[in-house]
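To start, the structure under review is shown below, and the notes come after it.
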Amino acid sequence: MGGTITAIRIQKKNPRRASLYLDGRFALGLAVEVVQDWGLRRGQVLDEAELEALRRAEGQHRALRDALRLLNQRLRSTAEVRERLLRRGYDEEQVEGVLSRLTELGLLDDRAFARAWVENRQAFRPRGRPALAAELRKKGLSPEIIAEVLEASPPEDEAALALARRRAPALRGLERPTFLRRLRAFLARRGFSPEVVRRVAGQVWEEQEVE
């Protein structure tokens, strides 16, 4: 049931939250931002529908706060944020509202996430395009975004060649078949396509022979 707001008190343990009292009794706790957004004041009458809408606004605010915490930890895809919020018990409507808001603010951008993911891999843990595509699919990115970002990334041969050259000194002194077999296996484990693996391994063998 609704009632008349008789008090709005800032909570001692958390000054960012307030306690709302209706007809002299505690009704619910609210974020201060929700109180301000709604313009709540003493003497204001809230019917049951307004009270329910207020509860939903508070839930939406909590969901947004939790999503921002996730994004403060690291970049995430839209699908990752959606999954985490649903797992925390927020309903579909609340979650979609938060995702829409974050997208409007530019805090959720699947293309930017995909580009950052690929750049990080290329810099620290090079992977072939098939492996990168698989990783991005696990993050919930669309096939269109994956294809677009990978197409704009440096050629796969560049990453494979740099990685193979770093690996080659550890294989120095081996006979050609053994050298090639081990280097190809090394590159294959990192998700490079068979064509790239064969081409790059052969090039690095030739470079070593010249040296």
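Data overview
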{"item": "Which listed residue, of LEU132, LEU141, LEU136, is under 30 Å from GLU206 (Cβ atoms) and at pLDDT 90 or above", "result": "LEU132"}
{"item": "Options GLU80, GLU48: the member that is free of Cβ contacts under 8 Å to residues at least 60 places away in the same chain and charged (D, E, K, R)", "result": "GLU48"}
{"item": "Breaking point among (1) among the β-branched types (Val, Ile, Thr); (2) surrounded by fewer than 19 Cβ atoms within 10 Å (Cβ to Cβ); (3) under 30 Å from ARG55 (Cα atoms), for VAL95", "result": "(2)"}
{"item": "Test: residue in segment 125-147 that is touching a residue at least 12 places away in the same chain (Cβ under 8 Å), among the charged types (D, E, K, R), surrounded by 11 or more Cβ atoms within 10 Å (Cβ to Cβ) and more than 30 Å from ASP109 (Cα to Cα)", "result": "no"}
{"item": "Residue under evaluation ILE5, criteria (1) under 15 Å from GLN94 (Cβ atoms); (2) of a type outside the set (Asp, Glu); (3) not in a helix (DSSP H, G or I), criterion not met", "result": "(1)"}
{"item": "Positions within segment 200-211 being surrounded by 15 or more Cβ atoms within 10 Å (Cβ to Cβ) and either part of a loop (DSSP other than H, G, I, E, B) or touching a residue at least 40 places away in the same chain (Cβ under 8 Å) (or both), in sequence order", "result": "VAL200, GLN203, VAL204, GLN208"}
{"item": "ARG42 in contact (Cβ under 8 Å) with a residue 12 or more places away in the chain and in a helix (DSSP H, G or I)", "result": "no"}
{"item": "Breaking point among (1) loosely packed, with under 14 Cβ neighbours inside 10 Å; (2) assigned to a strand (DSSP E or B), for ALA27", "result": "(1)"}
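A quick yes/no check of all residues on (1) in contact with a Ser or Thr (Cβ under 7 Å, 6 or more places away or on another chain); (2) under 24 Å from GLU144 (Cβ atoms); (3) modelled with pLDDT under 95:
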position	(1), (2), (3)
PRO15	no, no, yes
LEU28	no, no, yes
VAL34	no, no, yes
ASP37	no, no, yes
GLU48	no, no, yes
GLN60	no, no, yes
VAL81	no, yes, no
ASP91	no, no, yes
LEU105	no, yes, yes
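The values are calculated or read from the model by the stated rules, or taken from the named source; none is laboratory data. None of these values were measured; they are calculated from a predicted model. Cβ: placed from backbone, ideal geometry, glycine included. Neighbour counts: every protein chain shown.
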